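Worksheet for the structure shown next.
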Amino acid sequence: MNQIAKRLLKFTRPQSSTPRTSELGSYIFLGAILLFLMFPVYWIIVTSLHTNADLLQLPPKWFPVNPDFSSYKEILGSSVFLTFYKNTILVASGATVLCIFVSIFAGYALSRFKFKGSNLLTLLFLSAQMFPTVTLVIGLYSQYQAFNLLNTHYVLILASTSASLPFSIMLMRTFFNGISRELEEAAEIDGASRFKTLFAVIVPLSKPGIMAIAIYTFLIAWDDFLFGLTLVSDINKRTLSPGLSLTYLGEYSANWSGATAAAAAATIPLLIVFMFLQRYMVEGLTAGGVKE
């Protein structure tokens, strides 16, 4: 009888709905945040599918009932837009490669060699990340002008690399600190040099960190506006962000449909990087924070 009574109580007792209600509330909250963050992207796409005359109508058209692709045809057939695109790919790729190369050596030196002033140098790297980019433009402009680097792709590569290096060096230093020194000692016993040990043993174990700084630097360089606007005045050397703002947005008129179509086309590489490489970014940022 006791067993039967327990079973009846189990089936008749009301189940608590708190966990399910809490989970549903979390999904609703996250969905609201997602809609809020994705609305600008949606509005860019909608604007690019309308003509400029349609964009001036009130009330605004929230959905592209009759989508117009003339703006996309215009930018894809424009040699200026393709030049901006090519320059951006070149600058972003160059900055990424240079930042990886410098970050590996600098991070390894700060991790493995203790010299006088190493802690101060680490502090300077951290403090450089705290300054806004606009405060560095004047000093960088004067230096690049002295070396006759203005209006070249090299100046944009160096500027984007300088903006990404403090974070990248500290991240690689954290990764190298988490790698056992016994592996290096074993390689040295086998006759490997310091450089061979670095690239044959240490670097392969730091692939998540390298991928993280590669993605980070590429996004920084691709999205750069300030350096491309101040350090380059030749339209044939400009990148996407400053080039599109000066081409489609004027003082007295603005081609909003063309500007949003160009912006949508310019974000395609960023979406590809985010969709396929985001797990490497997360892995790189989290793996270096755990020391075994």
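Report, by residue number, each residue of segment 53-80 that is open to solvent by less than 60 Å² (accessible area, probe 1.4 Å) and either modelled with pLDDT of 85 or more or in contact with a Gly (Cβ under 8 Å, 6 or more places away or on another chain) (or both).
The answer is SER71, ILE75, VAL80.
If you check ILE169, ILE104, which single one turns out to be open to solvent by less than 30 Å² (accessible area, probe 1.4 Å), under 18 Å from the mean Cα position of the chain (by Cα) and within 27 Å of ILE215 (Cα to Cα)?
ILE169
Taking segment 247-264 as the search range and keeping residues that are of a type in the set (Ser, Thr, Tyr) and touching a helix residue (DSSP H, G or I) at 6+ places or on another chain (Cβ under 8 Å), which one is most open to solvent (accessible area, probe 1.4 Å)?
The residue in question is THR247.
If you take the residues in segment 46-80 that are under 11 Å from GLY258 (Cα atoms) and among the hydrophobic types (A, V, I, L, M, F, W, C), which one is farthest from the chain's Cα centre (by Cα)?
Ranking the candidates gives PHE69 first.
Can you say whether THR83 is assigned to a helix (DSSP H, G or I), assigned by TED's automatic domain parsing to the domain that holds TRP256 and under 29 Å from ASN236 (Cα atoms), as far as the supplied structure shows?
Criteria met by THR83.
Quickly run through segment 154-180 and pick out the residues that are farther than 20 Å from LYS237 by Cβ and among the small types (Gly, Ala, Ser).
Matches in segment 154-180: SER164, SER168, GLY178, SER180.
Looking at the structure I just gave you, is GLU188 within 30 Å of LEU205 (Cα to Cα), open to solvent by 60 Å² or more (accessible area, probe 1.4 Å) and in contact with a helix residue (DSSP H, G or I) (Cβ under 9 Å, 6 or more places away or on another chain)?
Criteria met by GLU188.
Could you please let me know if THR135 is modelled with pLDDT of 90 or more and either in the same structural domain as ALA92 (by TED's automatic domain parsing) or not in a helix (DSSP H, G or I) (or both)?
No: the conditions fail for THR135.
Could you say whether any residue in segment 241-258 is at pLDDT 85 or above, in contact with a Pro (Cβ under 8 Å, 6 or more places away or on another chain) and either within 30 Å of LEU82 (Cβ to Cβ) or aromatic (Phe, Trp, Tyr) (or both)?
No, because not a single residue in segment 241-258 is at pLDDT 85 or above, in contact with a Pro (Cβ under 8 Å, 6 or more places away or on another chain) and either within 30 Å of LEU82 (Cβ to Cβ) or aromatic (Phe, Trp, Tyr) (or both).
Hey, which of the helices (runs of 4 or more DSSP H) in segment 194-246, taking only ones fully inside, have at least 1 residues that are buried (at least 22 other Cβ atoms within 10 Å of the Cβ)?
207-222, 226-230
Going through segment 139-173 one residue at a time, which ones are under 17 Å from SER127 (Cβ atoms) and hydroxyl-bearing (Ser, Thr, Tyr)?
Selection gives SER162, SER164, SER168.
Conditions first: (1) without any contact (Cβ under 8 Å) to a residue 60 or more places away in the chain; (2) aliphatic (A, V, I, L, M); (3) within 23 Å of PRO242 (Cα to Cα); (4) surrounded by 14 or more Cβ atoms within 10 Å (Cβ to Cβ). ALA128 passes all but one, so which condition is the exception?
Only one criterion in (1) without any contact (Cβ under 8 Å) to a residue 60 or more places away in the chain; (2) aliphatic (A, V, I, L, M); (3) within 23 Å of PRO242 (Cα to Cα); (4) surrounded by 14 or more Cβ atoms within 10 Å (Cβ to Cβ) is unmet by ALA128, namely (3).
The values are calculated or read from the model by the stated rules, or taken from the named source; none is laboratory data. Note that this is a predicted model, so its numbers are computed, not measured. Counting neighbours? That spans all protein chains shown, and the Cβs are built from the backbone with ideal geometry, glycine included. In case anyone asks, the SASA skips ligands and DNA or RNA and just uses the protein heavy atoms, side chains included. Shrake-Rupley method; radii C 1.70, N 1.55, O 1.52, S 1.80 Å.
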